[in-house]
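Reviewing the structure listed below.
The values are calculated or read from the model by the stated rules, or taken from the named source; none is laboratory data. Here the structure is a predicted model, which means the values were calculated and not measured. When we count neighbours, we look across all protein chains shown, and the Cβ atoms used for this are built from the backbone with ideal geometry, even at glycine. Heads up: the accessible areas ignore ligands, DNA and RNA and are worked out on the full protein's heavy atoms, side chains in. Shrake-Rupley method; radii C 1.70, N 1.55, O 1.52, S 1.80 Å.
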Amino acid sequence: AQPQNPVAQQLSVSLAAAEARVASMKARVAEYDKPYNALKAAAAPKLTVAFGGERRMKKTPPRAKIAQRLVEAQHKAAILTTFNEIDMSALKELRERHKEGYKEIYGVSLGFMGFFTKACVEALKKVPGVNARIEGEEIVYHDFWHIGVAVSTERGLVVPVLRNADQLSIPEIDQ
């Protein structure tokens with residue numbers, strides 16, 4: 001473990017407060033989802049585990065019909081992208097307060113990408129269907145989180161993949 005200096009201690013305190021808030025929100029969501037989860041568990045098809053951190057589940061008839069209609073809609077309709085805005089003022093403030101100490105400790109600037117990547121991994125863990133693919137009559141769920149991050153370079157846009165992003169720290173992602 002790295003020695004704790006005042007900047008690192010303040011980051012730990014800020015992160016601890018954020019984690020406490022997230023835990024509170026998780027508890028509320030879990031309470032709200034209890035009836036849904038009970039029904040889902042009772043009706044869930046049996047999963048088979050495959051090599052490489054993947055789980056396969058046979059598509060239920062309703063899922064197969066939804067997938068078929070989704071493909072049809074993609075072929076017939078215009079695709080719309082939506083944006084949801086979030087309040088990043090707390091993150092901007094944290095970044096401003098700690099950017100010098102962070103750069104001194106880790107040798108890189110404290111950016112948004114590390115926080116964004118960690119948030120994406122947590123979202124993918126919460127909604128595993130987003131981190132899945134369809135193969136024939138099966139849904140293949142990935143039990144690993146590789147995140148592609150578009151980066152602008154002199155030669156154009158490149159997309160390096162952060163393998164096992166769930167195991168990386170924010171400084172490792174920023175590097």
Distant alpha-carbon pairs in segment 112-175 (separation over 21 angstrom), percent: 32 percent
Within the accessible area of segment 123-173 (1.4 Å probe), percent carbon and sulfur: 55 percent
Two-site label geometry, residue 163 and residue 64: point separation in nm, points 7 Å out along Cα→Cβ: 3.6 nm
Spin-label pair residue 18/residue 133, simplified geometry with 7 Å Cα→Cβ offset, distance in nm: 3.1 nm
Sorted peptide list for 54-61, 18-25, criterion being average Cβ within 10 angstrom, highest first: 54-61, 18-25
